[in-house]
Amino acid sequence: MKEFIVKVILLLMILGIGNSAKSGDNKINYDIIQKKYTDIPASASLKVRKIALNAAVKVIQKETGSYGSGSYTRIGGSFYILTAAHVVDGFKVLSIQNGYEVVLGKVVYKDDKHDIAILKVKQMTSRVPLKYKISDVQDRPGETVLYAGYPNDHDLLLFFGNIAGRSDGVVFMHSYAWMGSSGSVVLDLKGKIVGILSAVDVGGAFGRPQIVEDVVWVTDARSIDLEKIKTIPTL
């Protein structure tokens, strides 16, 4: 069991580390997206795709240039970034980027056990915040879900998958995730928050760890305790 936990931690670190972030114009052509994803279930409306894409951001460690993904959301009258705790990795202030817009995010909530972090930010002009509504599909295998993020130093990409099951606060999603995807917010087809992308699974072959990149670990959003968010001045 101890060896397995070590393997998972290593994968968390791998997914949380990307190449140095690049500035770029992340304008989205929704007509191209609509035509490209011809195999996506018809129930996944263009509206939900826009919700995921318009909220996604890079969460960048300024000192190292390493990054993960996250999503911009509004809770009450303030704006926040939802991401994974290992993306923050001990930093108190990180850069939040979309295209040429960069703002500072201050960590106000960090749960290492469930691998969730929340950063407070100023209102962003290039992003549209998610509505903070928690999904109820986590316990229903086969449900279609989606997330937007910045894997492997690519520009913003959109991924679909299906819930495979859950165990001990982790939702298993059949999809794909690569380094830089960590912290992406997984949504259901109504645009509600399922959880935070945390890692990929690790198997074993011939006594060596083996990445199972199409079994993705997602922290159940129901683990978030908003009462623990500290009240701090707007950045």
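Data table
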item: Charge dipole of the range 104-199 about the Cα centre (unit charges at C-beta), most positive-ward option of 183, 170, 108; result: 108
item: Protein-only accessible surface order, largest first, of 120, 133 at 1.4 Å; result: 133, 120
item: Accessible area of residue 80 in the full protein assembly, 1.4 Å probe (Å², nearest 10); result: 20
item: Residue order for 131, 122 - accessible surface, 1.4 angstrom probe, largest first; result: 131, 122
item: Residue 166 accessible area, assembled protein chains, probe 1.4 Å, Å²; result: 100
item: List 178, 217, ordered by accessible area with a 1.4 Å probe, largest first; result: 178, 217
item: Entries in 47/92; 92/113; 58/228 that, when Cα-Cα distance is taken, lie over 26 Å; result: 47/92
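The values are calculated or read from the model by the stated rules, or taken from the named source; none is laboratory data. Because the structure is a prediction, the values reported are computed rather than measured. Heads up, the Cβs are rebuilt from the backbone with ideal geometry, glycines too, and the neighbour counts pull from every protein chain shown. For accessibility, only protein heavy atoms count, side chains too; no ligands or nucleic acids. Shrake-Rupley method; radii C 1.70, N 1.55, O 1.52, S 1.80 Å.
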